[in-house]
Amino acid sequence: MGIGGAAALAGCSGGGSEATETGTATETDGDALGTETDTPTPRSDLPEVGGTYTSVISSPIETLNGIYNTENTAAGAIAQTLLTTYGFKPGTRYLGQAWESLETDDGGKVWVASVRDNMKFSDPYGEVTAEDFVYQVQELQQAEWTATSDSDSWGSDTVESIQQTGEYEIQIELPEANLLYPETYDPILYPVPKGLLEPYVNEEDAEGLKQDEELNNLSFTGNLGPYKLEEWNRGNELRFTRNDEFFMREATDEFELFEKAPYFDTYRLRVVEEQSSRLGALETGDTDYAAIPPNRVSKFRDLDSVNVEIIPQPYNVPLVYNMRANGWNTGPGNLFRKRKFRRALGCAVDKKRLVKGVYRGLAEPEYTWQPRWSKWYPEEPVAEFGNPDGDLYGKEATQSRIKEAIADTDYAYQGDTLVNPEGDQVSLNLFHSAGQNTEKATAEFVAQEFSKNAGIDVRVEAIQGAQFANKYWQQEIPDNADSLEWSNGNYNAGPRTKATSQNGWDMSLVYGLNTYPLNPTTGSVFFIKDSFYNPYGYYPSWNAKELFNQASTASSEEELKSTLAEIFTKIAEDQPMGMLAFTPDQSGYSSDIVGPAENFFNGWNGDAWYREE
């Protein structure tokens, strides 16, 4: 339940909008984005409160510290105790959470946020006011001593100034007008007490802030979420108990059933690593929610006890190439850094067959960084690497391009086998998440295609998500970080020749990355070499920073759409990673749960879902 993870950078789970001169957000109708009427049928009496809602996930959660978390599942867990500033409702309508409204009356240059006046932190921190948010941004998010997950959202390129203009009012001035500012997700923040942050700010103690017990145990959250965290048994379960002072109960103008929310006494989030066990729990009623793999959707649709919802979401399935110094462990150099080589690999995988075989036709091939249902998808064709209906798929297309890419190296082909300078076949490892059979099947399909079309051996390896995050995805901060051209935290600790993770790796399918269909400019973080999120060490061969800046400051929707089309064309041509597919969530819910809906904003009112007797 909940949409706490909709803005997270990485995960497994996202619309367009038509700008208006004033207002809190924009509105767009459409199947994927839902409509204003996509809410449960109003009822004359409120549901009864009681019982337990149970959900299962495949991997332990790494952190509940919202200041540093970038992962979708963890964001969903955090949202049980701590709502962010705002969200969206079906039809891309603004949902006021901690910020009741976020409005502009000058065409998008200056925005005014109204902080709700009924929110409080746990003792001793008292009431939530505008000062808490402004302090957090000015002293933490905009500081150079720590790189948070929201640092890029509040930098000088994105915000001119932020100031408190009243006890419950904040004014944000942007460098350039942006009518789609809420859709960038940049203004999304967790409320955190000024008093909790001050000691770390005064000492510039980033490590202390990461390890703070109150942040990691969510013990400061007062009435800021539908539940309170009762127990976090790392590796097994999180248990939450009902918060009967939940501040959104007064927000019945947003949704009438918020009046007595939440409607469960307990919320359990269980870690069940084996997919078969998760599905068994759904079938027997031991969980109210489980993700369903594509090959099991038909079976669960036949069960009276389960409702299956096919839900559009913003995360893609990228085959990530490690271009840092500890990537490409099969010989000298790192061929992933060569654009020609990445384009060759793009020709190696038949994406239509992948979608039909592994995803049972429920997904769509990905050729650039946007799902086709997004209004921002380019109207003009882009290069479709991996489309078997064109000339950008197959052995000839792959090997001819690899031969061009390795012409200045000692790599070569022996027959159809690509060999390193020692004469050994090029062999690469490919990680996927343990317990995710669909990811495993995708990895095995990629391995078969690389072998057949590129002559490259691929070793498929399962790994726990937390282990991959800590030892492979995040880099170690170099001792000489201050002397580097940049060092922006663990997800981009420096230039790719200087900063690496603890362990080497070649390719990954562990994380889906957010394509931000409401406003794709937010996705710039994935393509700019010195952003705070570049675990894979990609350096664009195109003017990514300039084009994203141009998009962010577009003065009209027409200009924005034109610039984004150019960006998506460049991404398709540069192949920063192997863009494989867009998959919807195949979500299985107990049939007595009232609330889930088949649109991008499913879960916006999850705090008011209930069990029908």
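Close amide H partners of Leu95, meaning residues 5 or more places away or on another chain with modelled amide H under 5 Å apart, are Gly87, Phe88, Lys89. For the range 468-535, the equivalent ellipsoid built from the Cα gyration tensor has semi-axes of 22, 16, 8 Å, listed from largest to smallest. Cross-link reach is defined here as a Cα-Cα straight distance under 19 Å, omitting same-chain residues fewer than 8 places apart; for Lys299 the lysines meeting it are Lys356. Taking the average, over residues, of other Cβ atoms within 10 Å as the packing measure, peptides 311-319, 264-272, 564-572 rank 311-319, 564-572, 264-272 from highest down. Please give the FRET efficiency for Asp123 paired with Glu379, using the beta carbon to beta carbon distance and R0 = 60 Å, rounded to the nearest 0.05. Taking R0 as 60 Å, the efficiency between Asp123 and Glu379 is 0.60. Close amide H partners of Leu319, meaning residues 5 or more places away or on another chain with modelled amide H under 5 Å apart, are Gly578, Met579, Leu580.
As a fraction of the 1.4 Å probe accessible area of the chain, surface on carbon and sulfur atoms comes out at 39 percent. Dividing the summed helix terms, -39500 (n - 2.57) for each DSSP H run of n ≥ 4, by the number of residues in the chain produces a 222 nm estimate of -5500 deg cm²/dmol to the nearest 500. Extension gain for Glu173 to Glu144 (0.36 nm times residue separation, less C-alpha to C-alpha distance): 8.4 nm.
Within the straight-line cut-off of under 21 Å between alpha carbons, the lysines reachable from Lys570 are Lys338, Lys340, Lys351, Lys375, Lys529, Lys545, Lys561, sequence neighbours fewer than 8 places apart in one chain being disregarded.
According to the square roots a ≥ b ≥ c of the eigenvalues of the Cα gyration tensor, what is the shape class of the range 265-378, taking rounded for a/c under 1.5, prolate for a/b larger than b/c otherwise, and oblate for the remainder?
The shape class here is prolate.
If you stretched the chain out fully between Ile310 and Gln502, how much longer would it get, using 0.36 nm times the residue separation minus the C-alpha to C-alpha distance?
65.3 nm
Residues of the range 503-540 with an amide N closer than 11 Å to a point placed 7 Å from the Cα of Ser156 along the Cα-to-Cβ direction: none. Residue order by solvent-accessible surface for Lys403, Lys299 is Lys403, Lys299, largest first, with ligands and nucleic acids left out and a 1.4 Å probe.
Full extension of the chain segment joining Thr35 with Gln414 gains 130.7 nm, where the gain is 0.36 nm per residue of separation less the Cα-Cα distance. Semi-axis lengths, largest first, of the ellipsoid equivalent to the chain are 38, 28, 24 Å, with √(5λ) applied to each eigenvalue of the Cα gyration tensor. Annotation: per residue accessible area for the range 454-589 equals 33 Å², rounded to a whole number [probe 1.4 Å, protein chains only].
Based on DSSP, what percent of beta bridges with both residues in the chain are antiparallel, to the nearest 5?
Values: 60 of 77 bridges.
In the chain, approximately 80 percent of DSSP beta bridges are antiparallel ones.
The phi torsions of the range 521-536, fed into the Karplus equation with coefficients 6.51, -1.76 and 1.60 and a -60° offset, translate into couplings of 4, 4, x, 4, 4, 7, 10, 10, 4, 10, 6, 7, 10, 8, x, 9 Hz, rounded to whole numbers, with Gly and Pro shown as x. The HN-Hα couplings worked out from phi for the range 466-473 by the Karplus form 6.51 cos²θ - 1.76 cosθ + 1.60 (θ = phi - 60°) are 5, 5, 5, 4, 7, 9, 10, 7 Hz, whole numbers, x standing for Gly and Pro.
Across the range 353-360, computed HN-Hα scalar couplings (Karplus, 6.51 cos²θ - 1.76 cosθ + 1.60, θ = phi - 60°) run 6, 4, 5, 6, x, 7, 9, 6 Hz from first to last residue, x flagging Gly and Pro.
In this view, the solvent-accessible surface of Trp145, computed with a 1.4 Å probe and all protein chains in place, comes to about 50 Å². For Asn233, what charge total do you get from the other residues with a beta carbon under 13 Å from its beta carbon, if Lys and Arg give +1 and Asp and Glu give -1? In short, +1.
Amide H to amide H, with H built 1.01 Å from N, Ile61 comes under 5 Å of Gly235, counting only residues 5 or more places away or on other chains.
Here the chain is assigned +1 on the Cβ of each Lys and Arg and -1 on the Cβ of each Asp and Glu. Its dipole about the Cα centre then comes out at about 2740 debye. Ordering 225-237, 524-536, 66-78, 409-421 by mean Cβ neighbour count within 10 Å, with the highest value first, yields 66-78, 524-536, 225-237, 409-421. With all protein chains in place and ligands, DNA and RNA left out, the 1.4 Å accessible area ranks Asp123, Asp457, Asp479 as Asp479, Asp123, Asp457, largest first.
Sort the following peptides by mean Cβ neighbour count (other Cβ atoms within 10 Å, averaged over residues), highest first: 150-161, 487-498.
On the way: 150-161: 17.8, 487-498: 20.5.
Ranked from most to least packed, the peptides come out as 487-498, 150-161.
What separates the Cα centres of the range 224-246 and the range 86-113 is a distance of 28 Å.
Between Glu546 and Arg301, what's the calculated FRET efficiency when r is the beta-carbon distance and R0 is 30 Å? Round to 0.05. Please report the intermediate quantities before stating the final value.
Working: r = 48 Å, r/R0 = 1.60.
Between Glu546 and Arg301 the formula returns 0.05.
When ligands, DNA and RNA are left out and all protein chains stay put, how many square angstrom of accessible area per residue does the range 132-243 have with a 1.4 Å probe? Walk me through the numbers before you get to the answer.
Numbers: 4560 Å² over 112 residues.
About 41 Å² of surface per residue is accessible.
The values are calculated or read from the model by the stated rules, or taken from the named source; none is laboratory data. Since we're looking at a predicted model, the values are computed, not measured. Heads up, the Cβs are rebuilt from the backbone with ideal geometry, glycines too, and the neighbour counts pull from every protein chain shown. Heads up: the accessible areas ignore ligands, DNA and RNA and are worked out on the full protein's heavy atoms, side chains in. Shrake-Rupley method; radii C 1.70, N 1.55, O 1.52, S 1.80 Å.
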